Amino acid sequence: MSKAQQPTKIDLSNLKSGGFIKERGKDLFTVRLRVPGGRMSVPRLKKIAEVAEKYGGEFVHLSVRQSIELININFKDFDVVVEELGEATQKVASCGARVRVPVACGGCEYNPNGLVDTQKSALEVDEKLFGTATGHHKFKVAFAGCPFDCPKSATNDVGFQGAIYPQLDKAACISCGLCAKSCVPKAITMGEDNKPVFNAERCIWCGDCVKVCPTSAWSEKRRGYTVRIGGKWGRNPLVGTLFATFLPEERVLDFISAVLGWYKEKAESLGRIRLGDIIIKEGPQALLDHLRKQFPDNTVTATIPPQVIETQVGIRS
């Protein structure tokens, strides 16, 4: 008897985690695979293609959150599919009221715009916090390496965006003007002395001036993550708002854990409710006060609640 013909011993923990999603077809499921940060080795990708061809349909689906989904998997093949994928190296993802697989851009390894190592951050969060039960609703995390924000971090419960705050050594400046030419938000202009003039209020912390400067007259004063909290998509979308700046990369896990702890406490007895809705209910200052205890140098003084996106369909309760 082949493995595929042996009696199925369904791992209920996989079903409960939500990685196996019921399809329209009888006995058919979508198997969502865990791909933190959207990165996968070529050998692993080949193995997934082999398993998909053997047990699935004519295609796989790449989800909007960077996971690979095997389509039309018969529930009788659950065990062998998991075994052949190699549970130790290719785990099934999750749904439900828990921390989901983090998404991330390529970061600073090869992307010229990248300011921080988003892939490292995503893997750390996946290893330490993936699947953590919230008790209330899903909890999504995203990492963007720069202000281009390709992963749309502000539409996640906690979204991280790479940032650099620049500083200028005028003595080292040769008045080439490259910094002003490359500054899209016009935070840098050339003064009467033909030296750069920096307008901090217009700066979006992209670091382009530091990258383009030929003499290193521009350098980074601070580097880290800008953090927005309370975003979500779905039926009633919210855009997360600014809660912290220049959070060190090594403190990402601590920061998410602090937000999770506050969320669990404030959402007690409220059932299925997202973090952003709790912030609106409690007021953003309550979360700021909580975060400031552990992150006094990064938590902003004040912020606004997550912002409602009016879809113009239906009335928001």
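Out of curiosity, is Val252 closer than 23 Å to Asp126 by Cβ, touching a residue at least 24 places away in the same chain (Cβ under 8 Å) and either surrounded by fewer than 17 Cβ atoms within 10 Å (Cβ to Cβ) or of a type in the set (A, V, I, L, M, F, W, C) (or both)? When the stated conditions are applied, Val252 passes them. Residues of the range 208-237 that are in the same structural domain as Ile256 (by TED's automatic domain parsing), outside any strand (DSSP E or B) and of a type in the set (D, E, K, R): Arg235 alone. Look at (1) part of a loop (DSSP other than H, G, I, E, B); (2) within 22 Å of Asn298 (Cα to Cα) and you find that Pro185 fails only one, number (2).
The rows are residues; the columns are (1) surrounded by 24 or more Cβ atoms within 10 Å (Cβ to Cβ); (2) assigned to a helix (DSSP H, G or I).
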site	(1), (2)
Tyr110	no, no
Gly114	no, no
Glu124	no, yes
Gly135	no, no
Phe148	no, no
Gln161	yes, no
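Which count do you get for residues in the range 196-207 that are more than 14 Å from Gln167 (Cβ to Cβ) and part of a strand (DSSP E or B)? Residues flagged as more than 14 Å from Gln167 (Cβ to Cβ) and part of a strand (DSSP E or B) within the range 196-207 amount to 0. Taking the residues in the range 3-38 that are of a type in the set (S, T, N, Q) and within 19 Å of Gln90 (Cα to Cα) as candidates, determine which candidate is modelled with the highest pLDDT. Out of the qualifying residues, it is Thr30. Say whether the condition of being at pLDDT below 95 and under 18 Å from Arg228 (Cα atoms) is met by at least one residue in the range 159-182. Within the range 159-182 (the criterion being at pLDDT below 95 and under 18 Å from Arg228 (Cα atoms)), the answer is no, since none of the residues qualifies. Scanning the range 85-100 for residues that are aliphatic (A, V, I, L, M) and within 21 Å of Pro43 (Cα to Cα) yields Leu85, Ala88, Val92, Ala93. Considering the range 53-90, and only residues there that are of a type in the set (A, V, I, L, M) and under 25 Å from Pro151 (Cβ atoms), the residue that is surrounded by the most Cβ atoms within 10 Å (Cβ to Cβ) turns out to be Leu70.
The values are calculated or read from the model by the stated rules, or taken from the named source; none is laboratory data. None of these values were measured; they are calculated from a predicted model. Cβ: placed from backbone, ideal geometry, glycine included. Neighbour counts: every protein chain shown.
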